[in-house]
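Structure record follows, encoded as structure tokens.
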């Protein structure tokens, strides 16, 4: 549904250039209709009447259905063949429109009515599929609010128009084309809006070749519908050539309105010559077919302007089905055609930009995979479009150091519709090299026409390389500038300072802060010199000439010294424009004082030469050093006489490897009058060497002076530091701990050799956050969180986690780290170590297990020992009373006391056995033992001891031959007794117990089977652990949980094994397997 104001054009589909189809979209088939005028109409056409009346009668069969409703939706009046749309009973017109309109239109009617009343203007619903008379048709509906004095407030005019038969929906365009259209709309919004206007320019109103009735109200509604559609109408009598043009129809083709005796000739005469032959042929074909037909052509108005027109015509036949009349509509589509042309030109321009532009344009899905790439892709990435589509830079194409940042940006773009981000990152070029790219990414996942991430990407590798080179160059400059004794400074073209070297702060005591040259002069230059300095520098900037001035600068102590200030402009190599000023302020205070008081010049010079920490020499460029102060004499080892007699030459005392730097300094003295300070060694008379920092100046054409600082100690300290670092690394590689260091961000840059030996990682694998790959998966996330928290807080790190060894096993380590801060408290690096604490952790775990075992033992022992002791004490107390008073059965009481004592003794034996096992003192004395005989003895004894137990019959099955093992008889009897006791104890409801003795060629097998409560599957793995009892035992069956543990230990000490087959609720079978004794011989299988 679309809202319109009074000037908005109704939506009509634009006709193609060949004019074959007009007025219906691809999914709608224009409904051809052959109409014969009713006989009374034919008579009146032939018999006369006004042209307007004839025209109205001719248009009557094509009049759209219109309905006027009040504010409640009740029908006030109708026009046209309402029976096609409304279910009215006996022609009644008082029904509510919603009750009689087709169900398919009810929702659209409600919405259109609401919008029309609310907005006070036309609302429409286009191409609504509606079932009419058994066929699915497409219907256009217009709802116009009415403000007529005859009608109550809220009245609406509803117009319904059948515009054709619904056909199959045409296949959708490829998704990439749709996305490209959306991309064009982003880059060219006006053009895209024009296209939208054109796509709405054809509508069903082309079918509204209106036929009016003689009723004024109906005629008004017809005219309103035509005005809404901006349609002009016409008629053409095929026999006479006469016809009628209404005002709009005539205006469109540049003719006068009204009746024309030669309307066909007039219309054809206005058609552009290039279109005339085609239109004549199409009109002839349309008349012959008798169907409705469409025309698209250009007309030339009397003033010479060319207009584009679309015409829809229908043929009216007589009773003999012969064509007698044409009726139709005209519409001016010049604006749409011109917009279409501009759109086409814009599209061609846009596509040329895509193909030839330096930027690559792509569309990615939510996973980052490329679904569209522009033709410039190969120029930017090296990959062809076909190679690039389907790849996923976010998965494997982006540099690992940039991947996390780019993935986070992708997640943010996916989560934020319409978001646009600009990223710089490295990606793999097809050549294999990493290139720098800058891309602007726009999230259009929410837009169904695109449904992806649109990226505009360009290669900035050369720019990045230039920036890196510039940064390196600037850093080298700053280092050199800080090394010289002069004040070095830079300004921008306007004179705003960008840099002062460290000499500035040393001299003024004030750290550098950006300021204008005038501000610097006002703050530090002597008031008498400040104005002159500012004006001279301003003049130099205007002229682009070198700047030179002498002035006094205030020092940190508040005193002023004279400086020679020189600056040269640095120009852009391409434009020649000044982009920086490079300057130096050289302390000339002594020289200025000498000029002011020439009489004291020599004394001042001598004082300067007597500085103990700075050597001063006078020399010529030929190589002779002929004067030196005491400081230099002390540094060099040469005396005053050596210099006076010119025995010292700088080209001799300079080692050969330093001659290139010396000759360069000499060249600077010749060309610039001074040399850049540099470091080199001199050779003393004894052959030893010393380091000096040399800065020279030419005094005249033949004389130079050089200031020298002895930097031997500094150089020795640097060498010692290097040796210390080498020693540290050597020590670090032999210590047992795993050592590391990282930058301030926590990215590890160095490990000692122990790390690589332990983990098996390579330096490349471990660099950065690669250490996390060696951390146990269960510890990885907590370790990273703790590490990052320590880095962020600048606090010492301490945590424990497991690290994988090269053999894929894990050991526990204590990780500790401390930050290294500079003088300002800023963290410069982190140093840390991993210490192996695996043994301590294991010992702690064992201690905890021992404590747990002890607690289990105390809990069970307190219960199990208390029960027989309680019975024993009770019967012992009752027995004397029974004997003295003759009450009760003393013999039975004595028997109970004996049994409880035996039970207590058995419990104590179990505990003693466990104690011996833990201390390794459970001895096994081996001898030949026949398991058949042993089993028979134990079973017989057990039967006697439990002769009153009739619920557990014991069955013994034995092999015919001896089943001999090398074992401890009493211990093996203990094994069988324990198994028999458990079989009876854990079969509370009774059942037979089987003892089976067999043999194999190499092994003897002793089995005990019961039909008791069985053992849960999950408990069988812990069955032989000390103090363990399965969950289904309950509190009614007593026991320490030691019997099977002792059995397992005894069997193992015999070199055998014990197996169990058990099903909960069915029973259990315990199988003891022992090696057969050699004397038994493997002569036969089990019997």
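Here is how the numbers come out for the structure above:
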{"read-out": "Alpha carbon Rg of segment 435-512, scaled by the compact-globule rule 2.2 N^0.38 Å", "value": "1.92"}
{"read-out": "Residue order, fewest to most beta carbons within 10 Å, for 312, 127", "value": "127, 312"}
{"read-out": "Alpha-carbon Rg/Rh ratio, for segment 733-836, with Rh computed the Kirkwood way", "value": "0.95"}
{"read-out": "Two-decimal Rg/Rh across segment 249-342, once Rg and the Kirkwood Rh are taken from alpha-carbon atoms", "value": "0.99"}
{"read-out": "Mean projection area, nm², convex hull over Cα of segment 923-1080", "value": "9.0 nm²"}
{"read-out": "Relative contact order (%) - segment 923-1080, alpha-carbon pairs under 8 angstrom, separation at least six", "value": "25 percent"}
{"read-out": "Value of relative contact order over segment 470-593, rounded to a whole percent, pairs C-alpha under 8 Å and six or more apart", "value": "23 percent"}
{"read-out": "Label-point gap, in nm, between residue 438 and residue 502 - each point 7 angstrom along Cα→Cβ", "value": "3.5 nm"}
{"read-out": "Rg(Cα)/(2.2 N^0.38 Å) for segment 408-469, N = residue count", "value": "1.32"}
{"read-out": "Spacing of the two label points (7 Å from each Cα toward its C-beta) at residue 957 and residue 816, in nm", "value": "6.6 nm"}
{"read-out": "Ascending count of other beta-carbon atoms within 10 Å, so fewest first, for 299, 371", "value": "371, 299"}
{"read-out": "Ranked 830, 562, criterion: other C-beta atoms within 10 Å, fewest first", "value": "562, 830"}
{"read-out": "Residue 622 paired with residue 928, simple spin-label distance in nm, labels 7 Å along Cα-to-beta-carbon", "value": "12.0 nm"}
{"read-out": "P(r) tail fraction, segment 357-459 - alpha-carbon pairs more than 23 Å apart, %", "value": "16 percent"}
{"read-out": "Using alpha carbons only: equivalent-ellipsoid semi-axes of segment 491-563, gyration tensor based, whole Å", "value": "20, 15, 10"}
{"read-out": "Distance cut-off 24 Å, percentage of C-alpha pairs in segment 597-717 lying past it", "value": "21 percent"}
{"read-out": "Three principal axis lengths of segment 490-631 [C-alpha, angstrom, descending]", "value": "50, 39, 27"}
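Bear in mind that the values in this text are calculations on the coordinates, not laboratory data. Since the model is a prediction, treat every value here as computed from it, not as a measurement. Cβ: placed from backbone, ideal geometry, glycine included. Neighbour counts: every protein chain shown.
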